[in-house]
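Working notes, beginning with the structure itself.
The values are calculated or read from the model by the stated rules, or taken from the named source; none is laboratory data. None of these values were measured; they are calculated from a predicted model. Positions of Cβ are backbone-derived with ideal geometry, glycine not excepted, and every protein chain shown enters the neighbour counts.
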Amino acid sequence: MSCINEEQLQHYLDNEYDKEEKEAIGQHIATCPSCKGALEEQRRRILDVKQSLDLLVTEQPVIPEFRPPVKTYRQRKIIAKYMLPMAIAASLLLIVFLRPFFESDIPPVNGQSTQFMMSVELDANKPVTEYPLNITIVAPDGSISQTTIN
């Protein structure tokens, strides 16, 4: 067998050969002093690289376990105690301060005005189309006409 090159030596050290090839290369290394020296030199290089890497990384960084945030009873209590009343108060203030913008002091045109009034409680599970629509029209002279649409 001819002498082993560096690539073959690396494959031998990495155990990439099957049993027969490995035995043949092992027998050659045992009888050839130059290949035996090359093998020892390659092992020394591998050992130097491993030691250099160990010097670079002395400690493995500790990565904490991820735990998703959990709402505690105390956080829910704070939300119920403070946030809900503040949201209600803010809504009421908006209604009080914005109401004058929606009220009109403009008199109706030609004495006619439109007024909407709802006097039926609605069931959220029932479609709106199933409720009857009652329309009451009051004329300027006071006469009343009513229409029901089913």
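Return the only residue of GLN75, GLN60 being in a loop (DSSP other than H, G, I, E, B) and at pLDDT below 80.
Result of the check over GLN75, GLN60: GLN60.
Rundown of residues vs (1) of a type outside the set (Lys, Arg); (2) modelled with pLDDT of 80 or more, yes/no style:
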position: MET83; (1), (2): yes, yes
position: LEU93; (1), (2): yes, yes
position: ILE106; (1), (2): yes, no
position: LYS126; (1), (2): no, yes
position: PRO140; (1), (2): yes, no
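Among all residue pairs at least 6 apart or on different chains, which show Cβ distances below 9 Å where the first residue, located in segment 137-150, is surrounded by 10 or more Cβ atoms within 10 Å (Cβ to Cβ) and the second is small (Gly, Ala, Ser) and modelled with pLDDT of 80 or more?
ILE137/SER143; ILE137/SER145; VAL138/SER145; ALA139/SER145
Determine, yes or no, whether LYS36 is in contact with a helix residue (DSSP H, G or I) (Cβ under 7 Å, 6 or more places away or on another chain), free of Cβ contacts under 8 Å to residues at least 12 places away in the same chain, surrounded by 10 or more Cβ atoms within 10 Å (Cβ to Cβ) and part of a helix (DSSP H, G or I).
In short, yes.
Going by the structure shown, is GLN42 among the polar types (S, T, N, Q) and touching an Asp or Glu at 6+ places or on another chain (Cβ under 8 Å)?
In short, yes.
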